[in-house]
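Below is one structure; the comments refer to it alone.
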Amino acid sequence: AYDGSGTAGGTIDLASVADADGIPEVRAFVPSDAGMAAVLARTGSGATTKSGVAFVDFAALSITGSGDLAGSNAGSAAGGVPGALMIDMQASGSAGGALELFDTTSKTSAGNAVDFSGVTRVATVSGGAGDGTMYVAVDDGDAITVHRYISDGTDLGTITTNTEANALAVVQPYLWSGEGTGTSANVIGYDLASGAESATVAIGSSIYALGACAPPPMPPSDTGDTAA
């Protein structure tokens, strides 16, 4: 844990949720209604081939709970939806990959919300508006299409993009997409209402991930003016 100035604090030992090699492989940290969740590539509980989730308390420096996922190859992208986590499960063996739900109350898998068969997921992110939706870019070999899902797997709509890697972020009113490689890479903003390409930010180097953030609200007495 690090404070706001970057000073290192205490640590949380994840050895109890490591797999057979003793190394706890964390794919992602995801805020949830049950606290901060660490998505694990493999776990030591149950079948060692399963992925898992451990909830950590940074104040108490402890694990507060954990459980196995049904899938065996958790990706590095996940998001919180009401009462659950939605986790990108990469294709593994005969499993074609999916968005798997993990119940944050029972600490158990709630099954797949969306199954992906014959496609490659390019990116998975939670909705930037905090509305419990997930945006997923899928590549079917002909086009890359971003789908917006709610937690029961209902598809609310699509936007056609050229997303590369794990590179989606939602900042209203746009869905931002990392596109291109090397010096030709850009972040493209697509209008969430119309799906039209509406803004471009030149980056100039390959983009591997995007994140959405917002500044904290200003005190009522702060007018936003610049002062010495």
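Within region 116-123, does at least one residue satisfy the condition of being over 23 Å from Ala54 (Cα atoms), of a type in the set (D, E, K, R) and in contact (Cβ under 8 Å) with a residue 40 or more places away in the chain? The answer is yes, given that some residue of region 116-123 is over 23 Å from Ala54 (Cα atoms), of a type in the set (D, E, K, R) and in contact (Cβ under 8 Å) with a residue 40 or more places away in the chain. For Asp139, the stated conditions hold: it is modelled with pLDDT under 90 and not basic (Lys, Arg).
Residue-by-condition table, conditions (1) crowded, with 16+ Cβ neighbours inside 10 Å; (2) in a loop (DSSP other than H, G, I, E, B); (3) in contact (Cβ under 8 Å) with a residue 40 or more places away in the chain; (4) not basic (Lys, Arg):
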residue	(1), (2), (3), (4)
Pro31	no, no, yes, yes
Met36	no, no, no, yes
Val39	yes, no, yes, yes
Thr49	no, yes, no, yes
Ala59	no, yes, no, yes
Thr64	no, no, no, yes
Gly80	yes, no, yes, yes
Ser109	yes, no, yes, yes
Asn112	yes, no, yes, yes
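A search for C-beta distances below 9 Å between a residue of region 203-214 that is at positive phi and any residue that is open to solvent by less than 60 Å² (accessible area, probe 1.4 Å) and part of a loop (DSSP other than H, G, I, E, B), counting only pairs 6+ apart in sequence or on different chains, returns Gly204/Ala185.
Residues of region 136-183 that are in a loop (DSSP other than H, G, I, E, B), open to solvent by less than 50 Å² (accessible area, probe 1.4 Å) and closer than 20 Å to Ile87 by Cα: Ser151, Gly153. When restricted to residues that are closer than 18 Å to Thr124 by Cβ and surrounded by 13 or more Cβ atoms within 10 Å (Cβ to Cβ), region 189-215 contains 6.
The values are calculated or read from the model by the stated rules, or taken from the named source; none is laboratory data. These numbers were taken from a predicted model, which means no experiment stands behind them. Virtual Cβ from ideal backbone geometry, glycine too; neighbours counted across all protein chains shown. With ligands, DNA and RNA removed, areas are computed over all heavy atoms of the protein, side chains included. Shrake-Rupley method; radii C 1.70, N 1.55, O 1.52, S 1.80 Å.
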